[in-house]
Amino acid sequence: MKPQADLILTPGKRMQALCEARGISRKELANRLDIAPSQVSRILNEDTKSISSDILIKMATEFHVSTDYILGLEQKKQMERHIPMRLMSTSFKPGECLMLVNQLENPASREMAYCEYYYFTGQHDKAVNLTVLYLNHPDPMLRLSACLIHTFANLSLNRINAAKGGLRNLKIHLNQMIADNSDRRTTAMSIFVAMAAQTLLHLPVGKIPPLSDYLTELPKGMRLWGCYVLAHEAYLAQEYEKSLGIVQTCLMLSTEIYPIAMIYLNLMGAMDAMNLRQPDLARKYFMSAWQLAQPDGLIEGIGEHHGLLQGLIETCMKNDYPEDYKKIIQITYQFSYGWRRIHNPVTKEDIADNLTTTEFTIAMLANRGWTNTEIADYMTMTVRTVKQHLSSVFNKLNIDSRGQLKAYMLK
């Protein structure tokens, strides 16, 4: 419980009240926060003008309150309506991502845009450290944006309990917004976040109203990313033509460039084309995604989709962009490991977790019905090498035929 200090707006007095309510001395607080007692005294006596974000986070965690509560921000009744997922929602020229972020005047909007930038460039630690400050923010747009990024960034850092906690919070936010339903914009954002988590993690988040009914309530960039989610949903239902149709329609009708949303749409198009056995079209979509991602280093989405891209990262990047390829594969391993630790226990599926990226790619293609010769031509390797990789796959999965691969591969 929070102490009755809600009318005291200064952080030092709020922290003092929290200590008194719990019977914690300044020395004990210093030990718990792993800082010097003199530093605690300066904060509680208000001899310092600012408190570092690290101490704020530790204090909030220790007393199970929000950082906004400590800072007194929860009392603000009139608040600016923030744009959700600002970076995703905004059109900008590739290569000018950070310029856009730095030009944002509102500090909270700028920090949340940095959260997005850190996440989509694969800097997960930085993303988590910033999102923590906004998980309980009074503005629902900042709070939901932070919750989505926080969940996925922790997953890639193999902080599974934190990622699971983020999923629980998404469910709570969704249920609250649907029950209230007084603000369609906020409800739309809640549905967007829940649908994104459910579709990308292949996990049920709960009963979600149709995202298509609320797309017009979202900013255009988020609307495009929402269409990517709908296309991904069709892909998982093996409706590849429908999924590709959504992608093509969105890209044709867009008169401005929304790099983040369009990276994901093009990756979706590449995945659809691979499953329709059109590798040349798949390469075209993949390279469009890469051209949008490269100038700002927005490579997270490429790494996340490695298995579903079925070798496109290897065939399009390994030789021509070796350093970028290494970074993307690192993201792949991090995301895939965390994803399996959340996904497998819930679904009771046993998606392969001990294959190299090359082995996984070849296993995916074999599972899709590609012959060894077709795989060899596509991956620019010999048939003998393909057979060696498949033999290694069978040994690791303790199976002896292609027919048994289905249980271990992505759908």
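Here are the numbers:
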| quantity | calculated |
| --- | --- |
| Some residue of the range 166-182 being closer than 19 Å to Leu215 by Cα and not in a helix (DSSP H, G or I) | yes |
| Index of the failed condition, Lys93 passing every other in (1) among the charged types (D, E, K, R); (2) assigned by TED's automatic domain parsing to the domain that holds Asn175; (3) without any contact (Cβ under 8 Å) to a residue 24 or more places away in the chain | (3) |
| Failed item, numbered, when Glu96 is tested on (1) at pLDDT 90 or above; (2) closer than 25 Å to Ser190 by Cα | (2) |
| Selection count, the range 376-411, where residues are of a type outside the set (Ser, Thr, Tyr), free of Cβ contacts under 8 Å to residues at least 40 places away in the same chain and more than 19 Å from Thr332 (Cβ to Cβ) | 18 |
| Residue match in the range 303-317 (condition: surrounded by fewer than 20 Cβ atoms within 10 Å (Cβ to Cβ), farther than 19 Å from Glu359 by Cα, out of contact with any strand residue (DSSP E or B) (no Cβ under 7 Å at 6 or more places or on another chain) and not basic (Lys, Arg)) | no |
| Wholly enclosed helices (runs of 4 or more DSSP H) of the range 1-54 bearing at least 2 residues modelled with pLDDT of 85 or more, under 37 Å from the mean Cα position of the chain (by Cα) and surrounded by fewer than 14 Cβ atoms within 10 Å (Cβ to Cβ) | none |
| Thr373 in contact (Cβ under 8 Å) with a residue 60 or more places away in the chain and surrounded by fewer than 16 Cβ atoms within 10 Å (Cβ to Cβ) | no |
| Hits in the range 129-176 (condition: of a type in the set (Lys, Arg) and closer than 22 Å to Thr187 by Cβ) | Arg143, Arg168, Lys171 |
| Near pairs, Cβ below 9 angstrom, 6+ apart or cross-chain, from the range 96-115 (closer than 18 Å to Ser53 by Cβ) to any residue that is acidic (Asp, Glu) | Val101/Glu116; Asn106/Glu80; Ala108/Glu80; Ala108/Asp139; Ser109/Glu80 |
| Leading residue by the ranking (farthest from Glu256 (Cα to Cα)) among those in the range 118-129 that are touching a residue at least 40 places away in the same chain (Cβ under 8 Å) and crowded, with 18+ Cβ neighbours inside 10 Å | His124 |
| Residue in the range 253-264 that is part of a helix (DSSP H, G or I) and surrounded by fewer than 24 Cβ atoms within 10 Å (Cβ to Cβ) present | yes |
| Single residue of Thr255, Thr216 found to be over 19 Å from Pro94 (Cβ atoms), out of contact with any Asp or Glu (no Cβ under 9 Å at 6 or more places or on another chain) and of a type in the set (Ser, Thr, Tyr) | Thr216 |
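The values are calculated or read from the model by the stated rules, or taken from the named source; none is laboratory data. Here the structure is a predicted model, which means the values were calculated and not measured. Every residue, glycine among them, receives a Cβ derived from its backbone with ideal geometry; neighbour counts consider all protein chains shown.
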